[in-house]
Amino acid sequence: MTTRGTPRPLISVVDHLLLGAADLDRGIEWIEQRTGIRAAPGGVHPGAGTRNALLSLGKARYLEIIAPDPAQSAYNFQIDVRGLSTPRLINLAVATENIEAMAATGREAGYEVFGPRDGSRKTPSGAMLRWRTLGMLNKLGAGGIEPVPFFIQWAPGSQHPSETAPAGCELELLRYEHPDESGLRAALNKLGIDGEVRHGSNVRIAATLRTPAGRVELS
């Protein structure tokens with residue numbers, strides 16, 4: 001994505017949605033019950049204390065169920081999903097082809113930028129996926145939900161997870177609810193993103209999916 005010119009609709013630049021779950025197996029079952037598609041294990045994130053399962057949401061976008069990895073002794077993921085009673089959308093990633101330029105845009109907009117940081121994981125097939133991520137420090141998150149996206153640039157040669165994750169679902173709509181809707185909308189615009197934001201008493205990310213079970217809203 002680019003941050004020059006008119007902000008682009010969030011749904012056109014989203015790379016993946018993060019669905020937090022306290023237990024990965026229960027998260028997989030929860031999604032399967034709602035969509036009719038069973039997410040496939042993706043791998044572990046060494047050092048973060050998490051593991052994931054993936055579900056394709058169409059071309060170049062996917063759902064990541066992220067949960068604690070019981071095989072790792074420390075939990076260092078920036079959002080604590082361990083106490084969630086039910087899975088919920090906690091964050092999302094926006095794709096970029098130039099993460100260094102995106103970092104410069106964030107700094108120019110007044111954000112404290114963390115990254116770009118290198119990331120990787122091995123898939124069940126043995127392939128290595130590599131990427132770089134970038135985050136913008138902000139005060140718009142609450143209740144374990146971070147509405148401002150982070151940015152991801154996949155390394156050359158890394159097959160996008162949407163191409164290998166179980167298919168059958170499509171992302172149709174994506175919107176926010178926030179107590180400070182104008183503040184969130186302005187924050188997104190500074191990053192070149194046009195997001196639908198409604199007023200709500202709590203921070204909420206809502207996604208509508210077309211699935212074999214019909215239209216399903218996740219939040």
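At a glance:
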quantity: Listed residues PRO161, LEU92, THR105: farthest to the positive end of the dipole of the stretch 86-219 (Cβ charges); calculated: PRO161
quantity: Where only C-alpha atoms are counted, convex hull volume of the stretch 1-94 per residue in Å³; calculated: 112 Å³
quantity: Low-density loop cleavage sites - trypsin sites (Lys or Arg not before Pro) in the stretch 121-182, where at most 10 other Cβ are within 10 Å (DSSP); calculated: LYS139
quantity: ALA22 versus ALA142: modelled label distance in nm, points set 7 Å from Cα along the beta carbon direction; calculated: 2.3 nm
quantity: Rg followed by Dmax, in Å, when the chain is reduced to its Cα trace; calculated: 16.3, 46
quantity: Partners for LYS122 among lysines (Cα-Cα distance below 17 Å; same-chain residues under 8 apart left out); calculated: none
quantity: Farthest positive-ward along the chain dipole, Cα basis, beta-carbon charges - from GLY183, ALA48, VAL14; calculated: VAL14
quantity: Hits among lysines - C-alpha to C-alpha of LYS190 under 23 Å, sequence gap 8 or more where chains match; calculated: LYS139
quantity: Restricting the stretch 1-110 to GluC sites (Glu not before Pro) in coil, as DSSP defines it, with at most 11 other Cβ within 10 Å; calculated: GLU97
quantity: Calculated from backbone phi, Karplus (6.51, -1.76, 1.60) coupling profile of the stretch 132-148 in Hz, x at Gly/Pro; calculated: 10, 10, 9, x, 10, 5, 8, 10, 9, x, 6, x, x, 10, 10, x, 6
quantity: Residue exposure sequence - ARG51, ARG26, ARG198 - by fewest surrounding Cβ within 10 Å; calculated: ARG198, ARG26, ARG51
quantity: Per-residue ³J(HN,Hα) for the stretch 187-201, Karplus 6.51 cos²θ - 1.76 cosθ + 1.60, θ = phi - 60°, Hz, x for Gly and Pro; calculated: 4, 5, 4, 4, 9, x, 10, 10, x, 6, 10, 10, 6, x, 6
quantity: Inverse of mean 1/r across different Cα pairs in the stretch 40-112, Kirkwood, Å; calculated: 14.5 Å
quantity: Average Cα contact separation per residue, the stretch 9-218, under 8 Å, 6 or more apart, as relative contact order %; calculated: 23 percent
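Each reported figure results from applying straightforward, stated rules to the coordinates on display, with no laboratory input. Quick caveat, the model's predicted, so the values are computed rather than measured. Note that each Cβ is placed from the backbone with ideal geometry, even for glycine, and that neighbours are counted across all protein chains shown.
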